[in-house]
Amino acid sequence: MSIKDNLLRIKSQLPENVILVAVSKTKPVSDLMEAYNAGQRIFGENKIQEMTEKWEQMPKDIQWHMIGHVQTNKVKYMAEYVSLIHGVDSLKLLQEINKQAAKHNRIIDCLLQMYIAEEETKFGLDEKELEDILHIVQNDKLQNIKVVGLMGMATFTDNQTQIKMEFLNLKSTFDKINSLSIVNYQLSIISMGMSGDYNLAIECGSTMVRIGSSIFGNRK
């Protein structure tokens with residue numbers, strides 16, 4: 001199957017309200033252009049330098065999503081163009097994004113990353129940290145960022161029951177935050193689900209899935 005065929009097959013299966021992020025990390029620009037020419041406009045990368053190189057070479061109507069763990073000292077390299085930052089897991093990082101966005105007179109959309117997995121290696125906030133950050137965002141008037149939703153990564157396991165429980169946990173946190181009206185607008189995005197579990201994630205309420213290998217093939 002070609003990249004185009006894979007992409008169109010997946011898109012045909014996704015509900016209308018679910019956004020597809022094509023995870024293109026480590027893939028050459030030629031592969032991304034094949035997906036672009038098949039209609040894909042949202043690409044996810046996990047290294048800022050690689051994403052910046054691709055942004056420089058590729059059409060400017062692409063939305064670039066940073067899906068990896070972000071170091072504060074690297075934010076400046078993507079602030080000019082990044083559309084959505086998925087893995088915001090601290091107030092310090094949010095403040096740095098706000099500062100760098102202001103330099104480019106932009107508002108950068110962000111997802112707050114929740115810790116939902118039973119793995120030490122995953123990053124993320126707990127519910128109290130999430131509420132604290134949202135209160136600060138509201139009152140501190142961080143003018144150049146907008147928190148638009150939540151993101152979470154399930155445990156890397158074959159146990160579907162556990163994965164489902166973690167996804168539902170994220171969905172219930174999302175619903176709770178929206179019902180509390182901590183921010184004066186509704187969060188709209190729940191980013192959860194990857195190539196191996198995106199159908200389950202959608203069942204559990206995901207509105208954005210990050211799919212790489214099922215589109216581009218396995219990474220070398």
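Points to keep in mind about this one:
- Within the stretch 41-78, being part of a loop (DSSP other than H, G, I, E, B), touching a strand residue (DSSP E or B) at 6+ places or on another chain (Cβ under 7 Å) and more than 20 Å from Ser195 (Cβ to Cβ) holds for Ile62, Val70, Met78.
- Unique residue being in contact with a Leu (Cβ under 7 Å, 6 or more places away or on another chain) and surrounded by 14 or more Cβ atoms within 10 Å (Cβ to Cβ) when the list is Gly196, Gly149: Gly149
- In the stretch 139-160, the residues that are farther than 14 Å from Met192 by Cα and among the hydroxyl-bearing types (Ser, Thr, Tyr) form Cβ pairs under 9 Å with partners that are crowded, with 21+ Cβ neighbours inside 10 Å and modelled with pLDDT of 90 or more, at six or more places apart or across chains, as follows: Thr157/Ile163.
- Selected residue (criterion: surrounded by the fewest Cβ atoms within 10 Å (Cβ to Cβ)) from residues of the stretch 13-53 that are touching a residue at least 40 places away in the same chain (Cβ under 8 Å) and over 19 Å from Thr207 (Cβ atoms): Thr26
- Residues that are surrounded by 19 or more Cβ atoms within 10 Å (Cβ to Cβ) and under 24 Å from Asp140 (Cβ atoms) within the stretch 164-186 comprise Thr173, Phe174, Ile177, listed in sequence order.
- Number of positions in the stretch 1-40 that are assigned to a helix (DSSP H, G or I) and of a type in the set (Gly, Ala, Ser): 3
- When Glu96, Glu56 are checked against the criterion of being farther than 23 Å from Gly124 by Cβ and either free of Cβ contacts under 8 Å to residues at least 24 places away in the same chain or buried (at least 20 other Cβ atoms within 10 Å of the Cβ) (or both), a single residue qualifies: Glu56.
- Residue within the stretch 191-210 that is aromatic (Phe, Trp, Tyr) and modelled with pLDDT under 95 present: no
The values are calculated or read from the model by the stated rules, or taken from the named source; none is laboratory data. This is a predicted model, so every value here is computed, not measured. Note that each Cβ is placed from the backbone with ideal geometry, even for glycine, and that neighbours are counted across all protein chains shown.
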